[in-house]
């Protein structure tokens, strides 16, 4: 099992989201998990359920 698959299961990540990277920082005693939306996937409003396009992204 790949690290991304493992953390997807541990964190309960579901579509349209996916674990895109896992980085282990041994000196800081940290594990950094990067989660991204699958390209082209719509997002649903939690209030009304309407599908929306993402427009504000950061890295």
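The values are calculated or read from the model by the stated rules, or taken from the named source; none is laboratory data. Keep in mind the model is a prediction, meaning the values are calculated, not measured. As a convention, Cβ positions derive from the backbone with ideal geometry for all residues, glycine included, and neighbour counts pool all protein chains shown.
Residues that are part of a strand (DSSP E or B), in contact with a strand residue (DSSP E or B) (Cβ under 6 Å, 6 or more places away or on another chain), surrounded by 10 or more Cβ atoms within 10 Å (Cβ to Cβ) and at negative phi: does segment 7-17 have at least one?
Within segment 7-17, one or more residues are part of a strand (DSSP E or B), in contact with a strand residue (DSSP E or B) (Cβ under 6 Å, 6 or more places away or on another chain), surrounded by 10 or more Cβ atoms within 10 Å (Cβ to Cβ) and at negative phi.
Tell me the residue from 29, 50, 23, 42 that is loosely packed, with under 13 Cβ neighbours inside 10 Å and touching a residue at least 24 places away in the same chain (Cβ under 8 Å), please.
Answer to the check: 42.
Look through segment 18-43, keep the residues that are in a loop (DSSP other than H, G, I, E, B) and touching a strand residue (DSSP E or B) at 6+ places or on another chain (Cβ under 7 Å), and return whichever of them is nearest to residue 4 (Cα to Cα). Steps first, please.
So in segment 18-43, the residues in a loop (DSSP other than H, G, I, E, B) come out as 26-29, 38-42.
In the following step, the residues that additionally are touching a strand residue (DSSP E or B) at 6+ places or on another chain (Cβ under 7 Å) were identified as 38, 42.
Numbers: 38: 14, 42: 22 Å.
Only one residue fits best here, namely 38.
Look at segment 1-12 and say how many of its residues are at pLDDT below 95 and within 21 Å of residue 46 (Cα to Cα).
0
Sort through 54, 49 and tell me the only one that's on the phi > 0 side of the Ramachandran plot and either under 11 Å from the mean Cα position of the chain (by Cα) or assigned to a loop (DSSP other than H, G, I, E, B) (or both).
Criteria check complete, one pass: 49.
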